[in-house]
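One structure is given here, and the rest of the page talks about it.
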Amino acid sequence: MTTIIRVADLSKTYASGFTALKDINLEIKQGEIFALLGPNGAGKTTLISTICGIVNPSAGRITVDGKDIVTDYRAVRAMIGLVPQELSTDMFETPWATVNFSRGLFGKPRNPALVEKVLRNLSLWDKKDARIMTLSGGMKRRLLIAKALAHEPRILFLDEPTAGVDVELRREMWNIVRELCAAGVTIILTTHYIEEAEEMADRVGVIAKGQIILVEEKNELMRKLGKKQLQLQLSAPVDVIPETLGAYGLQFGADKSELIYTYDTRAERTGITALLNDMRAAGITFKDLSTTQSSLEDIFVDLVKEKR
């Protein structure tokens, strides 16, 4: 894929002396869904705001489709749609008026047909003439996306787009994001919902303390860092794990009638057959077994913990 956003050696230090971003290097590919994960205060919103030209960088360079965000600001900003965390619009306005106004802010000519299409795609057409204050929380969220799409951007930033919304609406918005991506829009998503990234993202970036600590294709990340565990329900509890099984790094589960063996899915041999043979030799039998795979959330927590 072609790189559409390139961030090189980006840093941001505020007047107070606080460094929000430090030496960020990142490339976003055209047409992908990129999920940026990080704990509160990690720098997610600052990074997005800097790429969008809302926050001035202290050092480094950002280009969008080869254009510099500073020297070609207007051209770059016209390519970008931003869906912020909070609704910032006139509550007495209507969806129809506010989406048309957002389009006009970018110097785009009036296009009622396009605005109608955007509102219909986001299930807002029936409310086009209602005051925004009367809309439900989910409709207001969709209106933020409609505003961001009004000027036909090629890149869409979604900053915590489903924070505080119910599960049904979250899944509805996931479908909207997929449809936009299928239409050729590049999506950059920040989220606290790990399952959101696991469900949708092509690639995942993890940021902590203002630094990118990992960028990886989601499936490859799951393969490389995901751990698999074999859970053995013992026929009878054991007080201690025999020394002869020490090499397997076994741990007790919820009680001493369960043993857990963690193994590397990339290894040529998992060691499970040898473990079961050695358990039998040690006089330990089991009545049931099951396996579990690390989720993206497990991986994320481990990565951030290491950064601390």
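Structure above, values below:
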quantity: Test for G283: is it farther than 28 Å from K29 by Cα, part of a loop (DSSP other than H, G, I, E, B) and modelled with pLDDT of 75 or more; calculated: yes
quantity: Given (1) part of a helix (DSSP H, G or I); (2) surrounded by 12 or more Cβ atoms within 10 Å (Cβ to Cβ); (3) modelled with pLDDT under 90, number of the condition T262 does not satisfy; calculated: (1)
quantity: Matching residues in region 135-166 - criterion: being at pLDDT 95 or above and either outside the structural domain of K29 (by TED's automatic domain parsing) or farther than 29 Å from I4 by Cα (or both); calculated: none
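The values are calculated or read from the model by the stated rules, or taken from the named source; none is laboratory data. Everything quoted here is computed from the prediction, not taken from an experiment. No Cβ is skipped: glycine too gets one built from the backbone with ideal geometry, and neighbour counts run over all protein chains shown.
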